[in-house]
Structure formats: structure tokens, C-alpha cells
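Report on the structure given below.
Just so it is clear, none of the values below were taken in a lab; they were calculated from the coordinates. Note that this is a predicted model, so its numbers are computed, not measured. Heads up, the Cβs are rebuilt from the backbone with ideal geometry, glycines too, and the neighbour counts pull from every protein chain shown.
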Amino acid sequence: MNGPGDQPQGDLPPRRSIGSDLLGEFPIRLPERTFAVSWILGINLAVMAALALRGVSLLDPSLEDVLRNGGNHGPYVAQGEWWRLLTSAFVHVGLFHLAFNLFAMHSLRVVEGIYGSGAFLLIYLCSAIGASILSILWRPDAVSAGASGAVFGMAGALIAFFQAHKDTIPESLFRPVMRNMLFLLGLNVLFGLLVPGIDNAAHFGGLACGYVAARLCDRDPEDSPQLTPRRAQRILPLIGALFVAAALIPWRASGAEDIQHALAQDAALRSLRRGQWDECIQSATQSLEKDGSNALLFAIRAEAHVQKREFQAALADLDRALAIDSQLSDARKARMFLRWRMNRTPEALADAQALVEQGDRDGNSRQVRGELLLALGEHAKAEEAFRELARGVQEERSQAELFLWIACGLQGRRAPATERIREWVQGPRSIQGSPLEGMLAALYAGEVPESELLDAFDRRDTERVELTRLFWFLGARRWVLGDREGARQYFARVIERGTSEESTYLLARDGLTKL
């Protein structure tokens, strides 16, 4: 795509290796020296160093840190902070994010050799700005940062070069390079679709702008890579298109959610993960006093109250969260266990039933529903729940069979339950589940003695959670067999080793109350 004014400007050195091994023996005149990629790498590293000096975490910067230091956000850009469209390409969400993008940039440095440093900078900057614009137009309420959009633009520029010169590039070079580039781009897009927080819109925007800018800035491989005014002018239509797209940002961002909600959630969650319960409660409270419609923030504050053993305050927050959004399954699960812990077991059962009706996919809520029925002494209903679970979720079959044996045994029907579990143990699917559950099933079927099971777990480094489950199932078996004292001893060991956040602990606590 050479213009008439793009003439060779003197002899240049023969092709050298500026990341240009990719080009094989393709004849192309490369610049004597390049600087753009090195500058960009240095600027990114300098920005990260500056953030560290300002106290920003190098591993896990907060949303507020990213936004304060140049991150992209639709409403802020719409209010006149247009510089964010560019600065966001130099701000990264931690060292790993930075390292990944710099590695990708260094791997694609051949693009600078192909187009020359001047044209490369135009391509890179247009890609970065285009990525930021499309990111806002797609999700104006999000905060985005990083060089990945510009890196995708470099990939688009490489594709553009190979397509523009496919008639002169050897097919043995053209096909594998294009195939590998498209495969890697597709892999990145798939990764972005599957992993939350990946800004695919920015990737697409950068890729498209890089491709278009490279086609506009293309040159004859035999000509000088130096950026002439005439060659630079060819990119003006793309710059005009970016201005038009940017003009849509105020309209698109007018209905975006207030970022303060997201900032408050981020601050509260970070305090929660660090064990700073009071700070979490304070951050959530300050935001909720301004706007009490954030269900997730109520749920976050509830978890902090639970950790401080302020159960009534936690329950009040979970009630508010579910009143705002009844489909907030994490809040309902938290309230279910909290109600159970507070001996409000019938209400906990209602939450478990609601979770099942909402479409609990992992089977956990159906399992807890059966356990709650068992705790309430509704053994027939518990039997029905565990029988249904044993039919429907094969990966949870071993646990369901054990609970089914307990529910049937507590109704005085131990013999048929024992025969059922014996048939299952001897069947081909008995290997499903953990080794602990497999050995317990053999114990319940009468095929191994209790002493052998205890010896087996004494000889191994058993995790605390497994030990509490072992003692619970041993205690439940003693209960069914009529050995109330033995059951009490095992349940007491569960209470000693377990935590009140586990259903096994709560079952043992309720069992001790009944015994």
C-alpha cells in the first residue's frame, strides 16, 4: 500500500535479526535501529515502579488504585478525562498482568522491524486507544487497564502484513504463521470468554485497529521503513473513525452504574480476604448509608459479622440482601448455614429448599437439605431426599448411600439398607467418591470392622476435615446400632476437631443434643 511519495531513501544494511527470524528468507529492508518497543517496555516498567512507590500493591492492586492511577472507566472519560483512553494501556493490575503483556509484546517485536519505529508507534497508539474506546462502548461501567489491547493490535498488524504480501511471501512461511497467529488469537478470545474479568472487547478493538492501521501504513518491503509524512497521512481516516467512536462515549456512559458501588464492594472484599473484619464492616457501612440497594454489599458485611460472631447482625444483613435480590444464591447459602448454627433449623431447611428450587447444579444444597431433615428428626423425608440424590448425582453417590443407610437405620429398617449398600459396594461404581467414603461404605455393609478403618486412618496423614467426617459417620453408625454412649463419644470428637462452619459439626452438635 505504498503511496507515490514513498521512495527508497538510500541503501540500508542487509536484513538483521530484530526479532525477524519469523520472516525466514523473505527479502525486506529493516531499519538500522529500532526504539519503540524498548521505550514502551521501559514506560510500562516505570509506571509499575511509580505505583509501587505510591504504596500500590504489586500483586493485587485495588480497583480504586487502578482507577486513581489512570484506569479506563466510561463515566470518567465522558466527564472529560479523555487521557484515560491512553494511560490505561500503561497501567496493569499487578506484576503477573504486566509480565504477561510485556512477554507478548517482546515476542511480537518483529512488527516494529517490519513497519519501522515511527509507523509502529502510530499502530500501537491507535490500537491502545481503539481498545479503550470499544471497551467503554461495550461495558461503560467497568474499569479496565493493561496493554493487552495494544498487544492484540501488534498481532493484527502482523496478520495485515502477511495478508498484504501473501503473493510474495513463500507459502511455506505464510501458512504456518497465519495458522499459528489465528490459533493463538482464538485461544486468547476463548480464555477471555471463560475467565471473568478478561476484557475481550478491548482485545477485539485493539486487533481491529492494529490491522487497519497496519494496512494503511503498509510499505513496499524493498523500500525504506522510515515514516514519511505522506505515509503517516494515510492513517488519518482511522484517527477520524476513532474520534467519531469516542464521541459516542458520553451517550453510552450516561446510563452506567455508579462506580462507587464497585469501589465499595472491592474495598470490603479485600478487607474480608485479609481478615480485617472491622475495616470490611466500615467500608460496607459507609457505602450502604449512601445507597442501601446493594445486595452483594450486605452479604459481604454479613460474612464479616459472622467472623466476629455477631450472628444477629449477620442474619439481619443477609435478610436485607435477599429482600433486594432473592436470587443471590451465595447469600441464601450463607443464611442457611447461619440459621442452622443459630438453632433455627426449620428456617434453614426453607432456605435449602429454595436453593434446590432455584436450580442448585452441584448437588450441595440437596445434600444439605437431606442433612437438615435428618437433624430435625424427619427421617422418612431425609430417606426420600438421599434416595433421590443417590439416583441423580453419580459423583456424590457414595456420600448419599451412607446418609441413606443412616436415615433408614434410624427408622428401624437397617437390614434392607445394609443389603443395598453391600450391593453398591460390590458394584462397579463403588470406586466413586473419596477413599474415606469407600471404606465407610464397606464398614456400613459389614465387610470391614471398625478397628481396621480406624487403624487405616491412623497410619496416614489425614486432614482435619476428613477426620471430622470419619468421626461423624462412625458416631452415626453407633447411633443406628443402638450404642448411644459410643455415638456420644464420636460426636464429641467431631465437636473437638471440627468448626461450626461445617455441616458435619452441626450434625454432631444436634446429635449430642438428642442423645
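Observations on the model:
- Estimated [θ] at 222 nm from DSSP helical runs (n ≥ 4, -39500 (n - 2.57)) normalised by residues in the chain, nearest 500: -21000 deg cm²/dmol
- Packing rank of 198-208, 482-492, where each peptide gets the mean count of other beta carbons within 10 Å, highest leading: 198-208, 482-492
- Each Lys or Arg adds one and each Asp or Glu takes one away; over the other residues whose Cβ falls under 12 Å from the Cβ of A323, this sums to 0.
- Cut-off 15 Å between beta-carbons: net charge of the residues surrounding P61, Lys and Arg +1, Asp and Glu -1: +1
- Karplus-based coupling profile of region 198-204, in residue order and whole Hz: 7, 8, 5, 4, 5, 4, 5, with θ = phi - 60° in 6.51 cos²θ - 1.76 cosθ + 1.60 and x standing for Gly or Pro.
- Once the gyration tensor of the Cα atoms in region 258-345 is diagonalised, the equivalent ellipsoid follows with semi-axes of 20, 15, 10 Å, ordered largest first.
- Both radii are taken from the alpha-carbon atoms of region 32-253; with Rh as the Kirkwood radius, Rg/Rh is 0.97.
- Sorting 278-286, 211-219, 75-83 by their mean Cβ neighbour count within 10 Å, with the most densely packed peptide first, gives 211-219, 278-286, 75-83.
- Peptides 351-359, 42-50, ordered by how many other C-beta atoms sit within 10 Å of their residues on average, highest first, read 351-359, 42-50.
- For K333, the lysines whose Cα falls under 26 Å of its own Cα, not counting residues fewer than eight places away in the same chain, are K308, K381, K514.
- The share of Cα pairs per 10 Å bin across the chain, counted from zero up to the longest distance, runs 4, 15, 19, 16, 14, 14, 11, 6, 2, 0 percent.
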